[in-house]
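See below for the structure under consideration.
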Amino acid sequence: MSNNLSNAGLFRFPTPGTPPGYRTPPPRTPSLRADASRGVAHQPEGSSSEAGGHQSLPVPKPPATHYDASPVGRKSLHDSLAGALASERTPNVDKKRRDIRLSMTGKTILISFEEFMNRFIPAPQGETEPVEAFKAVDFTGIPQDIESDMYGPLVAAFNQEWLLPRDIPVSAPHKGDGTVASNQKIDGGLYPRGNAPEDSTSWSSIELSIECKTDATKQDPFDDRNNNPEASAITRKDVRGQIMCYAVLVFDNQHRVHHFTLLILGAMARLVRWDRSGVLVTHKFDYTKEPEKLAQFLWRFGRMTPAQRGHDTTAVRVFPGSADFRLMHARATTPLTDRDGCVIDEHARDMF
């Protein structure tokens, strides 16, 4: 079930946990007439649809732009990005990524690694961080030249119980989640131990998204060098649309307030936080020369609560066999009628 969003514009109100200063103006809202968008001519009151035996022609539909719809809607971030996306059962992946990227233009904020950790990746209470152990972690064995060669060593380096006591890294670059129409897949991710897929992506249970690229510049979707953190080169923009699309899939398949991504770029890395206000991303750091940064992130993330990881804890899963499940099943299979025997709320029943 897609997570409901507020009716506010994407940047109108900051998400809890987002620094007060990280705000940008709300996105533009649709300005096209509803009747024109449906291709129906608007006639003055009292006028006839026929004049001199000729029928009035329908108003042509204006060309679609990424401003046609607000990035926020009543269903989900994915459903509301553009009208065309919502109407297509299996939209072209490249088009989908481009539209998502365009809808998020200007909503990226670059911050330091230290600020990111202090604000969003808290240290667990009652535990002392093993700083020396962080420095001793060896990430130099991860290949940098061929992307497919990175996955195995990366999983091996992360799969240490002292780092991640509750999670297990899974590499699934070749098999997508069959429940998603586009069958998109991400290079890897962290999943709860005991609920991890073996060799595929599971958008409904992934805790941390991990995407790997080999080139730290040409495939970097962000830019540390100027005031615009959104890289403008075509390949780099494509990567940004790719990882944004993955974040959307997490929001579509889980009850989420925010979500984290670890972006590996050769020997460099970035930490990314997605929420309904936009994107927060760290400056690049060399995890082979500063292993303590990546190790500290993993160690803290592995001990964070579901709420700290971004789960909406007000949403509770209904398990088969429970009283709520039986009630839901009964309502789904039996029409609800009023006193006169007329079926009501059929739209809700159709959802099941």
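One residue is enough: does the range 219-229 have a residue meeting the conditions at pLDDT 95 or above and assigned to a strand (DSSP E or B)? Checked the range 219-229: at least one residue is at pLDDT 95 or above and assigned to a strand (DSSP E or B).
Filter the range 106-126 down to residues that are without any contact (Cβ under 8 Å) to a residue 60 or more places away in the chain and under 16 Å from ARG270 (Cβ atoms) and give me whichever is surrounded by the fewest Cβ atoms within 10 Å (Cβ to Cβ).
Pass one, the range 106-126, residues without any contact (Cβ under 8 Å) to a residue 60 or more places away in the chain: 114-115, 118, 125-126.
Those still in the list that are under 16 Å from ARG270 (Cβ atoms) too: 114-115.
On the way: GLU114: 11, GLU115: 13.
The extreme case among them is GLU114.
Listed here are the residues, each with its yes/no results for (1) closer than 16 Å to ILE121 by Cα; (2) touching a helix residue (DSSP H, G or I) at 6+ places or on another chain (Cβ under 9 Å).
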position: ALA231; (1), (2): no, yes
position: ARG240; (1), (2): no, yes
position: TYR246; (1), (2): no, no
position: LEU249; (1), (2): no, yes
position: MET268; (1), (2): no, no
position: VAL272; (1), (2): yes, yes
position: LEU294; (1), (2): yes, yes
position: PHE297; (1), (2): yes, yes
position: ARG300; (1), (2): yes, yes
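Residues satisfying the criterion are absent from the range 245-264 (criterion: surrounded by fewer than 21 Cβ atoms within 10 Å (Cβ to Cβ), within 18 Å of GLN219 (Cβ to Cβ) and in contact with a Ser or Thr (Cβ under 7 Å, 6 or more places away or on another chain)). Sort out which residues of the range 322-352 are among the small types (Gly, Ala, Ser) and either outside any loop (DSSP other than H, G, I, E, B) or under 30 Å from HIS258 (Cα atoms) (or both), and write them in order of number. Those that are among the small types (Gly, Ala, Ser) and either outside any loop (DSSP other than H, G, I, E, B) or under 30 Å from HIS258 (Cα atoms) (or both): SER322, ALA323, ALA330, ALA332, ALA348. The condition of being under 17 Å from the mean Cα position of the chain (by Cα) and of a type in the set (Lys, Arg) holds for LYS185. Out of ASP187, ASP99, one residue alone is charged (D, E, K, R), modelled with pLDDT under 95, surrounded by 15 or more Cβ atoms within 10 Å (Cβ to Cβ) and touching a Leu at 6+ places or on another chain (Cβ under 8 Å). It is ASP99.
What's the total number of residues in the range 236-247 that are without any contact (Cβ under 8 Å) to a residue 60 or more places away in the chain and either closer than 21 Å to PHE285 by Cα or assigned to a loop (DSSP other than H, G, I, E, B) (or both)?
We begin by selecting, within the range 236-247, every residue without any contact (Cβ under 8 Å) to a residue 60 or more places away in the chain; these are 236, 239, 243, 247.
Filter once more, so that each one left must be either closer than 21 Å to PHE285 by Cα or assigned to a loop (DSSP other than H, G, I, E, B) (or both): 236, 239, 243.
Qualifying residue count, the range 236-247: 3.
Considering the range 161-179, and only residues there that are farther than 11 Å from ARG193 by Cα and modelled with pLDDT of 95 or more, the residue that is surrounded by the most Cβ atoms within 10 Å (Cβ to Cβ) turns out to be LEU163. If you go through the range 265-295 and keep only what is crowded, with 23+ Cβ neighbours inside 10 Å and part of a helix (DSSP H, G or I), you end up with LEU294, ALA295.
The values are calculated or read from the model by the stated rules, or taken from the named source; none is laboratory data. Keep in mind that this is a model prediction, so the values were computed, not measured. Please note: Cβ atoms are built from the backbone with ideal geometry, for glycine as well, and neighbour counts cover all protein chains shown.
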